[in-house]
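Reviewing the structure listed below.
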Amino acid sequence: MTILAVTGLAREAEIAGTTGVVAVAGGGDGAGLAAKLEALHGDITGVISIGLGGGLSPLLKAGAVVVGEAISFDGPLGQGSKVWPCDTGWRVRLMARIAGAHQGVVAASDVILADPQTKAALHARTGALAVDMESHIAARFAAARGLPFAALRVISDDARHVLPPAALVAMKPDGGIALGRVLWSLAKNPAQLPALIRTGRGSSKAFKELLRCRDVCGAGFGGV
């Protein structure tokens with residue numbers, strides 16, 4: 001059994017890549033991530049989109065765990081939206097193993113949602129609890145291959161949090177952190193430092209919770 005874990009950050013992939021799991025990081029490059037997945041071959045038995053996510057529900061704080069019931073993605077202008085259901089059995093197993101987890105729709109976006117107004121609009125439109133940049137790509141891949149699909153996202157920035165400019169340039173295509181770009185953004189706008197510190201604290205809390213989820217879910221993250 002080999003579960004494919006689709007993440008955004010390399011650190012998320014390091015956490016997810018345990019026994020029976022192959023992890024692939026997208027780094028915010030949707031087309032590149034899709035190409036990486038299409039190049040995969042072998043005995044893949046399930047796909048999980050896993051990692052940090054932005055909060056859309058105002059009830060969820062940093063560190064809250066969201067298990068997806070479905071993935072909702074608004075396509076390019078004029079192409080409408082798409083919804084992919086998550087595997088019921090897999091979702092039930094995740095909910096049983098992760099104490100305090102919330103279940104609901106996870107929204108997907110091709111861009112980072114940086115401000116509360118944009119998050120609130122997406123929440124009102126879709127009812128989604130969280131948003132990330134990889135779930136639609138992972139769900140599309142799983143559907144094309146006829147594989148069960150699950151989603152598990154930990155909130156790193158809640159619905160009211162404004163991401164500072166430095167956070168928006170932090171991710172490299174390989175999922176690593178572009179420290180030089182972060183420092184350059186901070187040098188140009190030192191006033192964003194408090195917001196960047198808050199963002200870092202939220203991410204640290206989310207990473208700790210992601211580690212807990214990995215440990216309690218066991219090999220393959222409860223996949224089949």
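Here are the numbers for the structure shown:
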quantity: Of all accessible heavy-atom area on region 119-224, the percent that carbon and sulfur account for (1.4 Å); calculated: 64 percent
quantity: Accessible surface of H123 - all protein chains present, 1.4 Å probe, nearest 10 Å²; calculated: 50 Å²
quantity: Accessible area, probe 1.4 Å, largest first, for residues K119, K36, K61, K188; calculated: K188, K61, K36, K119
quantity: 1.4 Å probe accessible area per residue over the chain, in Å²; calculated: 44 Å²
quantity: Mean residue ellipticity (222 nm) of the chain, computed from DSSP H runs ≥ 4 via -39,500 (n - 2.57), nearest 500; calculated: -11500 deg cm²/dmol
quantity: Pairwise centroid distance, computed over Cα atoms, of region 155-222 with region 15-47, Å; calculated: 21 Å
quantity: Listed residues S57, S81 arranged by accessible area, highest first, probe 1.4 Å; calculated: S81, S57
quantity: Percent antiparallel among DSSP beta bridges (both partners in the chain, rounded to 5); calculated: 30 percent
quantity: Those residues of region 186-224 whose amide nitrogen sits under 15 Å from the label point placed on D43, 7 Å along Cα→Cβ; calculated: 220, 224
quantity: Listed pairs K36/K119; K61/K119; K61/K208; K82/K119; K61/K205 exceeding 21 Å between Cα atoms; calculated: K36/K119
quantity: Degrees, to the nearest 10: 116-126 long Cα axis against longest axis of the chain; calculated: 30 degrees
quantity: Diffusion coefficient, µm² s⁻¹, Stokes-Einstein with Kirkwood Rh over alpha-carbon pairs of the chain at 20 °C and 1.002 mPa s; calculated: 124 µm²/s
quantity: Per-residue ³J(HN,Hα) for region 166-177, Karplus 6.51 cos²θ - 1.76 cosθ + 1.60, θ = phi - 60°, Hz, x for Gly and Pro; calculated: 4, 6, 6, 10, 7, 8, 8, x, 8, x, x, 9
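The values are calculated or read from the model by the stated rules, or taken from the named source; none is laboratory data. The shown structure was predicted, so the numbers you read here are calculated from the model rather than taken from an experiment. Glycine also receives a Cβ, built like all others from the backbone with ideal geometry; neighbour counts cover every protein chain displayed. The accessibility values were calculated without ligands, DNA or RNA, using every heavy atom of the protein model including side chains. Shrake-Rupley method; radii C 1.70, N 1.55, O 1.52, S 1.80 Å.
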